[in-house]
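The values are calculated or read from the model by the stated rules, or taken from the named source; none is laboratory data. These numbers were taken from a predicted model, which means no experiment stands behind them. The protein model used for the area step is the full one, side chains on, heavy atoms only, and it has no ligands, DNA or RNA in it. Shrake-Rupley method; radii C 1.70, N 1.55, O 1.52, S 1.80 Å.
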Amino acid sequence: MKSKRKVMITTTSVFICQILIIGIFVLPYNQDLNPILHNKDDGYLSNVIAYMNYFLTLLATLGTISGLAFTIFGYYQSTKVPQMVKEEVKVHFNSIIPQQEQTQQQIQKLQETTSQKIKALQLMLEPSILGKNDDLDYTDRIKMINTAQNIYPNLWRSNYYKAKINWNEFEAHHKIRNREAAMDLMNRHIAKYPEHSDAWVELINWLMKSEQQTRALTNFEKMMEYHPELVTSIETLIDWSNLSTEDQHHYKEEIKKKVIMHNAIKS
C-alpha cells in the first residue's frame, strides 16, 4: 500500500511541475495555444500572470479532485480491503476444513490398522510369552496363524510361518502333502516379499533335500537377482551336496560368476 501511495504522489508532483513549466516558458510565446487568455496589448509579464492564474485555478481544481480521490481511496482501504481480506481468509479456511477431515480419517484408519496388527501379533506371540510353545501341535499352530490372518490379512510372515510348520511336520512324519504345502506357501511368500532372503535360502535347501536340484538352481538364480550380496556366503547357507551331475555344478558356478562380475562392475 505504501509503495502505491508513493507512486501516486510522485506522479502528481511530476504532472504539476510540467504544467508550471508549460505555463511559464511555453504558452506566453505561442498565441495559438490559448487565444482566449492571450492578450496582444499586454506585455510578457501580464500574459505570464494571466496564464498562471488560469493554471492555479486548474491546479486548485485538480487538487480538489485529488483530495476526493485520496478520500475515496482511504475509505476503500479502510473498509473494503479488510472485507476482501476477511473473505479471502474465509475461502482458504473453508478449503482447509475438508483437508483436516480427510487427514483425521486417514489417522483413524491408520490407528485401526495398527490396532489390528498388534492384535494379530499378540495372538501369534502369546504361546511363546506364556511358555506354551511345546503344547501346540501342528494343527493348533496352523489354526493360530489362520486366526491371526483373519484379524489382519496382510500379516507379512504368516505364509512363511505356515510353510516352516508344514516342513517340520513333513520331517517328523514324512507326509508328502506337508512337504508340498510347505513349498507352495514359501513360494507364495517369496512372490510377495522377494526381499526376504531367509525365505529364499529355506526354499532352496528344501528343494535340495527333496532331490529337486533343477528347481533349486532355478530359485538360486532368481534369489541372486534380489540378493547379489549373498553370493560370497552362499556355500555356507545352502547344502549343495545333492548336486548330482557335472552340469548342475557348472550351472551353479556360472550363476555365481555372473553375479560376482555384476557386483564388481556396480562397485
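Structure notes:
- Note on exposure: Tyr160, Tyr251 ranked by accessible area (1.4 Å probe, complete protein assembly) read Tyr251, Tyr160, with the most exposed listed first.
- Each semi-axis of the equivalent ellipsoid for the stretch 201-241 is √(5λ) with λ an eigenvalue of the Cα gyration tensor; in descending order they amount to 16, 11, 7 Å.
- Heavy-atom surface of the stretch 200-267, accessible at 1.4 Å and reported per residue (Å²): 59
- Solvent-accessible surface (1.4 angstrom probe) belonging to Thr103, in square angstrom, nearest 10: 70
- Accessible area, probe 1.4 Å, largest first, for residues His174, His250, His189: His174, His250, His189
- Among the protein heavy atoms, those of Glu112 account for about 100 Å² of accessible surface (1.4 Å probe, every chain in place).
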